[in-house]
Amino acid sequence: MTTVHQTSAEPSFRESVDMMFNRAVALMDLSPGLEEKIRVCNATYTVRFGVRLRGAIHTFTGYRSVHSEHMEPVKGGIRFAPSVHQDEVEALASLMTFKCALVEAPFGGSKGGLRIDPNEWEPHELEQITRRFAYELIKRDLINPAQNVPAPDMGTGEREMAWIADQYKRMNTTDINGAACVTGKPINAGGIQGRTEATGRGVQYALREFFRYEEDKAAAGLTGTLKGKRVIVQGLGNVGYHAAKFLAQEDGALITGIIERDGALHNEAGLDVEAVHSWIKKHGGISGYPDATHQADGALLLEQECDILIPAALEGVINLSNADRIKAPLIIEAANGPVTAGADEILRDKGCVIIPDMYANAGGVTVSYFEWVKNLSHIRFGRMQRRAEEARHQLLVDELQRLDRYLGSDWSMSKDFKEKYLRGADELELVRSGLDDTMRAAYQSMRKVWHERDDVTDLRTAAFIVSISKVAMSYQAKGL
Ligand code: GLU
């Protein structure tokens, strides 16, 4: 069984985020009042509601926390997990504020959670529970296209988002922008191509961008490209699965370890991500999977030698109890808060480079932003331009071919080039292009601070400085 080992000296998740925030603001020139205003969570709403199921009333507890309203709507996922509690939701809401600022998604930060084990309920029961939770939030404008826009997170996906959107529409029958009340919806309910893969795709784009800079690779003691790099992934959920799959299939990385709830798989020659994923779906866990060695206490694989470690599951998995045994020179935080403040310090001292959560997993909210814009504009991306773009490309190809005939040269365009060049971008390509551009720009803003300031020695502090400055400027513009 993979367990999160933690010592009692560890601060809570929210305290841990605050400590990281404090480290960054100490290097900034903000007034103490503004510093405090940006740090604290504006409001957390707790709801307890009953649903009659299986012949009895069951009471559920849910939260929606709003960290910062310097921009509205506020944005952030809704998590379904038995471990959900107020401290966690507030920490996650705060990370959303800085994440959105860093990638320039025009939102404040928010997060929601429902204390429930989704595996304990049948789909029709989950629908009733989700709709009831949504009802409680909608009637208080805690779900609203202009004020607060949730999205999927751990334990939720497009199915739950479709229920929430439908619930909102039932309660706001004349709101023409109703679909924009939540993102991460299925395509046939107003979603956008590429949202499901977005967070994992963003992790891939983040690593590609990191590997473009010799200086940055050198800081982690790495060289070359992603090809052949040994990667260990913790959590083969939506984020971990897509990140691992893309890195293996498209960049030639070797996924040497996969850590799941029921242990870990290890194979230095590389695991077949797709095969492991199907195995988990079929058998409910990794146990029994062939072609790998199995380790019962999965968390121990975090300490295995590799080039890149991708914690893509829970918060706090790298903490005071194991940080000094972590050997990966590069960690990319696909999950929110996987490294505690104490562990962060230990790893920094060891020279480990950490690509921080607020940047590494921002692909999800970035594509959520595109979905929200799509819903408000009521038109799919590329619908107007695609064929016009193809026609212009055709013009150029025709003209080049005419010139070729005129000059009598035997030059010709390769069929592959011609096909690729002539095809206008569809929504998925546009989404990936927007995501890639966002991930590159945000990385560049972080690395600039990391390299230009002598007092900034890590990417997390750099990320906080960039995003806190943006939030501070919004508050100042409001006259605060
Ligand atoms: N839950 C995701 C996150 O933590 C996505 C949030 C969103 O799309 O609003 O970033």
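Determine which single condition L314 fails, assuming it passes every other condition in (1) more than 22 Å from A81 (Cα to Cα); (2) touching a residue at least 40 places away in the same chain (Cβ under 8 Å).
The single condition L314 does not satisfy is (1).
Quick check on my filter: what residues within region 345-369 are in a loop (DSSP other than H, G, I, E, B), more than 10 Å from the ligand (Cβ to nearest atom) and within 17 Å of A101 (Cα to Cα)? Lay out the reasoning, then the answer.
Residues of region 345-369 that are in a loop (DSSP other than H, G, I, E, B), as a first pass: 351-352, 356, 361-362.
If we keep only those that are more than 10 Å from the ligand (Cβ to nearest atom) as well, we get 351-352, 356.
Answer for region 345-369, where residues must be in a loop (DSSP other than H, G, I, E, B), more than 10 Å from the ligand (Cβ to nearest atom) and within 17 Å of A101 (Cα to Cα): just P356.
So, I310, is that one more than 18 Å from F13 (Cβ to Cβ), not in a loop (DSSP other than H, G, I, E, B) and not basic (K, R) or not? Please lay out each step first, then the result.
Working: more than 18 Å from F13 (Cβ to Cβ): yes; not in a loop (DSSP other than H, G, I, E, B): yes; not basic (K, R): yes.
Considered against the rule, which asks whether it is more than 18 Å from F13 (Cβ to Cβ), not in a loop (DSSP other than H, G, I, E, B) and not basic (K, R), I310 comes out as yes.
Considering each of G342, G284 in turn, give the residue that is touching a residue at least 24 places away in the same chain (Cβ under 8 Å), more than 16 Å from the ligand (Cβ to nearest atom) and among the small types (G, A, S).
Numbers: G284 fails: touching a residue at least 24 places away in the same chain (Cβ under 8 Å).
One residue alone meets the criteria, G342.
Would it be correct to say that T199 is farther than 22 Å from H378 by Cα, hydroxyl-bearing (S, T, Y), within 16 Å of the ligand (Cβ to nearest atom) and crowded, with 18+ Cβ neighbours inside 10 Å? Break it down stepwise before answering.
Numbers: farther than 22 Å from H378 by Cα: yes; hydroxyl-bearing (S, T, Y): yes; within 16 Å of the ligand (Cβ to nearest atom): yes; crowded, with 18+ Cβ neighbours inside 10 Å: yes.
For T199, the condition - farther than 22 Å from H378 by Cα, hydroxyl-bearing (S, T, Y), within 16 Å of the ligand (Cβ to nearest atom) and crowded, with 18+ Cβ neighbours inside 10 Å - is met.
In region 233-269, which residues are surrounded by fewer than 24 Cβ atoms within 10 Å (Cβ to Cβ), over 19 Å from D297 (Cα atoms) and either β-branched (V, I, T) or without any contact (Cβ under 8 Å) to a residue 40 or more places away in the chain (or both)?
Listed by number, the residues that qualify are A248, Q249, G252, L254, A269.
Quick one: count up the residues across region 296-316 that are away from the ligand (no atom under 16 Å from the Cβ) and hydrophobic (A, V, I, L, M, F, W, C). Show your work before the answer.
Applying the first criterion (away from the ligand (no atom under 16 Å from the Cβ)) to region 296-316 yields 296-309.
Pick out the ones that are also hydrophobic (A, V, I, L, M, F, W, C) and you get 296, 299-302, 306, 308-309.
Adding up the residues that qualify gives 8.
Give the number of residues within region 400-429 that are farther than 30 Å from T196 by Cα, surrounded by 10 or more Cβ atoms within 10 Å (Cβ to Cβ) and of a type in the set (D, E).
The qualifying residues number 1.
Here are L271, L222, L236: which of them is modelled with pLDDT of 95 or more, assigned to a loop (DSSP other than H, G, I, E, B), under 16 Å from the mean Cα position of the chain (by Cα) and over 21 Å from L435 (Cβ atoms)?
Values: L271 fails: under 16 Å from the mean Cα position of the chain (by Cα); L222 fails: under 16 Å from the mean Cα position of the chain (by Cα).
Result: L236 is the single residue among L271, L222, L236 that is modelled with pLDDT of 95 or more, assigned to a loop (DSSP other than H, G, I, E, B), under 16 Å from the mean Cα position of the chain (by Cα) and over 21 Å from L435 (Cβ atoms).
With the structure loaded, tell me whether L376 is part of a helix (DSSP H, G or I), more than 12 Å from the ligand (Cβ to nearest atom), modelled with pLDDT of 95 or more and farther than 30 Å from D175 by Cα or whether it fails that test. I'd like the intermediate steps shown before the answer.
Values: part of a helix (DSSP H, G or I): yes; more than 12 Å from the ligand (Cβ to nearest atom): yes; modelled with pLDDT of 95 or more: yes; farther than 30 Å from D175 by Cα: no.
Here the answer is no, as L376 does not meet what is asked.
Return yes or no: is L207 out of contact with any Ser or Thr (no Cβ under 9 Å at 6 or more places or on another chain), assigned to a loop (DSSP other than H, G, I, E, B), away from the ligand (no atom under 16 Å from the Cβ) and modelled with pLDDT of 95 or more?
On the way: out of contact with any Ser or Thr (no Cβ under 9 Å at 6 or more places or on another chain): yes; assigned to a loop (DSSP other than H, G, I, E, B): no; away from the ligand (no atom under 16 Å from the Cβ): yes; modelled with pLDDT of 95 or more: yes.
For L207, the condition - out of contact with any Ser or Thr (no Cβ under 9 Å at 6 or more places or on another chain), assigned to a loop (DSSP other than H, G, I, E, B), away from the ligand (no atom under 16 Å from the Cβ) and modelled with pLDDT of 95 or more - is not met.
Listed residues G190, G112, G157, G178; which is of a type outside the set (V, I, T), crowded, with 24+ Cβ neighbours inside 10 Å and at pLDDT 95 or above?
Numbers: G190 fails: crowded, with 24+ Cβ neighbours inside 10 Å; G157 fails: crowded, with 24+ Cβ neighbours inside 10 Å; G178 fails: crowded, with 24+ Cβ neighbours inside 10 Å.
Just one listed residue meets the conditions, G112.
Suppose the filter is more than 20 Å from T340 (Cβ to Cβ), modelled with pLDDT of 95 or more and either buried (at least 24 other Cβ atoms within 10 Å of the Cβ) or within 14 Å of the ligand (Cβ to nearest atom) (or both); does E72 pass it?
On the way: more than 20 Å from T340 (Cβ to Cβ): yes; modelled with pLDDT of 95 or more: yes; either buried (at least 24 other Cβ atoms within 10 Å of the Cβ) or within 14 Å of the ligand (Cβ to nearest atom) (or both): yes.
Yes; evaluated as a whole, the condition is true for this residue.
Give all pairs with beta carbons closer than 7 Å in which a residue from region 72-97 that is hydroxyl-bearing (S, T, Y) meets a residue that is within 10 Å of the ligand (Cβ to nearest atom); count only pairs at least 6 apart in sequence or on separate chains.
Within 7 Å, the pairs are S94/G109; T97/G109.
Right, R440: charged (D, E, K, R), at pLDDT 95 or above, on the phi < 0 side of the Ramachandran plot and assigned to a helix (DSSP H, G or I) or not? Even if it seems obvious, please write down each step before you answer.
Working: charged (D, E, K, R): yes; at pLDDT 95 or above: yes; on the phi < 0 side of the Ramachandran plot: yes; assigned to a helix (DSSP H, G or I): yes.
Yes: the conditions hold for R440.
Within the group V149, V66, which residue is surrounded by 22 or more Cβ atoms within 10 Å (Cβ to Cβ), within 11 Å of the ligand (Cβ to nearest atom) and either over 15 Å from the mean Cα position of the chain (by Cα) or without any contact (Cβ under 8 Å) to a residue 24 or more places away in the chain (or both)? Step through it out loud before you land on a result.
Values: V66 fails: within 11 Å of the ligand (Cβ to nearest atom).
So the residue among V149, V66 that is surrounded by 22 or more Cβ atoms within 10 Å (Cβ to Cβ), within 11 Å of the ligand (Cβ to nearest atom) and either over 15 Å from the mean Cα position of the chain (by Cα) or without any contact (Cβ under 8 Å) to a residue 24 or more places away in the chain (or both) is V149.
Working only within region 102-122, note down all residues that are more than 13 Å from the ligand (Cβ to nearest atom) and in contact (Cβ under 8 Å) with a residue 12 or more places away in the chain.
If we filter region 102-122 for residues that are more than 13 Å from the ligand (Cβ to nearest atom), which is where we start, we get 104, 114-122.
Correct list: E104, L114, R115, I116, D117, P118, W121.
Check whether at least one residue in region 423-435 is closer than 21 Å to L95 by Cα and within 24 Å of the chain's Cα centre (by Cα), and report yes or no. Outline the logic, then answer.
The initial filter retains those residues of region 423-435 that are closer than 21 Å to L95 by Cα, namely 435.
Filter once more, keeping what is within 24 Å of the chain's Cα centre (by Cα): 435.
Yes, region 423-435 has at least one match.
Sort through R132, R140, R212 and tell me the only one that's among the charged types (D, E, K, R), part of a helix (DSSP H, G or I) and either out of contact with any Gly (no Cβ under 7 Å at 6 or more places or on another chain) or modelled with pLDDT of 95 or more (or both). Break it down into steps so the answer makes sense when it comes.
Details: R140 fails: part of a helix (DSSP H, G or I); R212 fails: part of a helix (DSSP H, G or I).
Exactly one of R132, R140, R212 is among the charged types (D, E, K, R), part of a helix (DSSP H, G or I) and either out of contact with any Gly (no Cβ under 7 Å at 6 or more places or on another chain) or modelled with pLDDT of 95 or more (or both), namely R132.
Pull out all pairs, ordered by first then second residue, where Cβ-Cβ is under 6 Å, the residues are six or more apart or on different chains, the first lies in region 22-39 and is basic (K, R), and the second is surrounded by 13 or more Cβ atoms within 10 Å (Cβ to Cβ).
Qualifying pairs under 6 Å: R23/T461; R39/F21.
The values are calculated or read from the model by the stated rules, or taken from the named source; none is laboratory data. It should be emphasised that the depicted structure is a prediction, and the values quoted were computed from it without experimental measurement. In this analysis, Cβ positions are derived from the backbone assuming ideal geometry, glycine residues included, and neighbour counts consider all displayed protein chains.
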